[in-house]
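Visitor: First the structure, which I've put down as structure tokens, then a few questions once you've had a look.
The values are calculated or read from the model by the stated rules, or taken from the named source; none is laboratory data. What you see is a predicted model, and the numbers here were worked out from it, not measured in a lab. Note that we place each Cβ from the backbone using ideal geometry, even for glycine, and neighbour counts take in every protein chain shown.
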Amino acid sequence: MEYDAGRGWHSARIQPYAPFTLDPAAMVLHYAQEIFEGLKAFRREDGSVVLFRPADNVARFNRSARRMCMPEVDEEFFLDAIRQLVRLEERWVPRSHGTSLYIRPTMIASEPMLGVRPADSYLCYVILSPVGAYYKGGIAPVKIWISDFYVRAAHGGTGEVKTGGNYAASLYAAREAAERGYDQVLWLDAKHKRYVEEVGSMNMCFVFDGKLVTSPLHGTILDGITRRSILTLAREMGLEVEERALTVDEIFEGVESGRLTEAFGTGTAVVVSPVGQFTYQGKTVRLGDGETPGEITRKLYDTLTGIQYGRLPDPHGWVVAV
Ligand code: PMP
């Protein structure tokens with residue numbers, strides 16, 4: 001669908017996937033006025049297709065839109081459009097455990113204009129892509145590199161917004177980490193370079209002193225929908241949840257003293273990703289043998305995927321039929 005100042009959203013339609021034309025001066029190409037979302041459709045064991053907490057994604061899309069001076073969408077209309085699209089393409093929702101149909105709503109500034117200001121016209125579209133199982137041979141821990149130099153987001157910036165610029169800013173450090181054999185970069189806060197923020201496309205959780213500790217939402221990290229779900233499930237499992245930023249020192253001292261027993265990332269792509277080791281300034285700590293996911297990590301993964309794929313009941317109504 002398209003937006004023009006004075007006219008609002010118009011021309012909503014579903015059409016076959018194809019390239020579209022954009023004016024070379026479209027403002028998104030120069031000033032990165034862009035937002036997106038990521039959610040999944042799952043095929044449950046009974047064959048039905050469901051979405052996971054899609055209203056949360058649509059609400060976050062609108063929060064991103066506000067911060068990026070972009071027009072909001074009608075949440076009910078947008079959610080219904082996503083459902084209609086997935087229903088039409090239901091055959092692409094794969095069957096086996098861990099597979100899904102990834103849904104990517106996007107909004108870009110399409111007005112042709114050389115000059116920095118919010119655009120007057122926008123294009124909003126949703127594309128789909130089937131995705132294979134993230135873990136082929138069971139969930140496997142990742143190696144994380146903690147950057148002591150690069151930062152992803154500062155207070156007052158756009159860290160909590162799902163906008164392309166944040167990801168562009170993270171590429172250089174991610175490539176450096178990959179060249180050194182690490183899977184992900186863990187970002188520290190921009191001010192003190194001390195407190196854990198988040199990882200690439202995941203929020204971070206730690207089992208510290210038997211409690212689930214995760215970084216608070218204060219504008220620099222994404223309010224992850226998997227994070228929200230995991231915090232609820234952890235509380236239901238009887239774990240105390242603490243929203244506070246762990247320091248790098250706490251990670252290293254915690255692992256060495258046995259106070260930090262598990263660490264994992266949470267995100268739509270992986271659901272739960274156990275961490276096997278952290279490296280910071282040339283020093284490495286391993287969690288357990290670095291190869292086996294912790295007990296709490298595995299239980300949270302099994303519970304959340306169980307709800308998504310229909311093996312377990314869904315008491316919170318997170319799963320929505322398409
Ligand atoms: N942080 C960032 C920077 C991300 O891109 C993502 C993925 N959307 C997450 C955290 C996790 O968010 P969610 O659980 O909603 O996928």
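Residue-by-condition table, conditions (1) surrounded by fewer than 19 Cβ atoms within 10 Å (Cβ to Cβ); (2) farther than 30 Å from Thr261 by Cα:
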position	(1), (2)
Met107	no, yes
Met113	yes, yes
Ala133	yes, no
Ile139	no, no
Trp145	no, no
Tyr150	yes, no
Ala153	no, no
Gly159	no, no
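Visitor: Also: Return the pairs, sorted by first residue and then second, in which the second residue is part of a helix (DSSP H, G or I), the first residue lies in region 303-320 and is free of Cβ contacts under 8 Å to residues at least 40 places away in the same chain, the beta carbons are less than 7 Å apart, and the residues are 6+ apart or on different chains.
Guide: Qualifying pairs under 7 Å: Leu312/Thr303; Leu312/Gly306; Asp314/Ile307.
Visitor: Right, something else. Within the set of pairs 6+ apart or on separate chains, which have a first residue in region 256-276 that is under 13 Å from Asp289 (Cα atoms), a second that is within 15 Å of the ligand (Cβ to nearest atom) and at pLDDT below 95, and C-beta atoms under 8 Å apart?
Guide: Going by the 8 Å Cβ cut-off, the qualifying pairs are Pro274/Val142; Val275/Val142; Gly276/Val142.
Visitor: For region 174-203, name all the residues that are within 24 Å of Val272 (Cβ to Cβ), away from the ligand (no atom under 13 Å from the Cβ) and either not in a strand (DSSP E or B) or not hydroxyl-bearing (Ser, Thr, Tyr) (or both).
Guide: Answer for region 174-203, where residues must be within 24 Å of Val272 (Cβ to Cβ), away from the ligand (no atom under 13 Å from the Cβ) and either not in a strand (DSSP E or B) or not hydroxyl-bearing (Ser, Thr, Tyr) (or both): Ala177, Ala178, Gly181, Tyr182, Asp183, Leu188, Asp189.
Visitor: Having 1 or more residues that are among the charged types (D, E, K, R), within 16 Å of the ligand (Cβ to nearest atom) and not assigned by TED's automatic domain parsing to the domain that holds Arg95 is the bar; report the strands (runs of 3 or more DSSP E) wholly within region 205-320 that clear it.
Guide: 241-243
Visitor: Which residues, taken from region 47-81, are more than 15 Å from Asp223 (Cβ to Cβ), away from the ligand (no atom under 15 Å from the Cβ) and not in a loop (DSSP other than H, G, I, E, B)?
Guide: Matches in region 47-81: Val49, Val50, Glu75, Glu76, Phe77, Phe78, Leu79, Asp80, Ala81.
Visitor: Being more than 16 Å from the ligand (Cβ to nearest atom) and at pLDDT 95 or above narrows it down to one residue among Leu101, Leu88, Leu171; which is it?
Guide: Being more than 16 Å from the ligand (Cβ to nearest atom) and at pLDDT 95 or above holds for just one of Leu101, Leu88, Leu171, which is Leu88.
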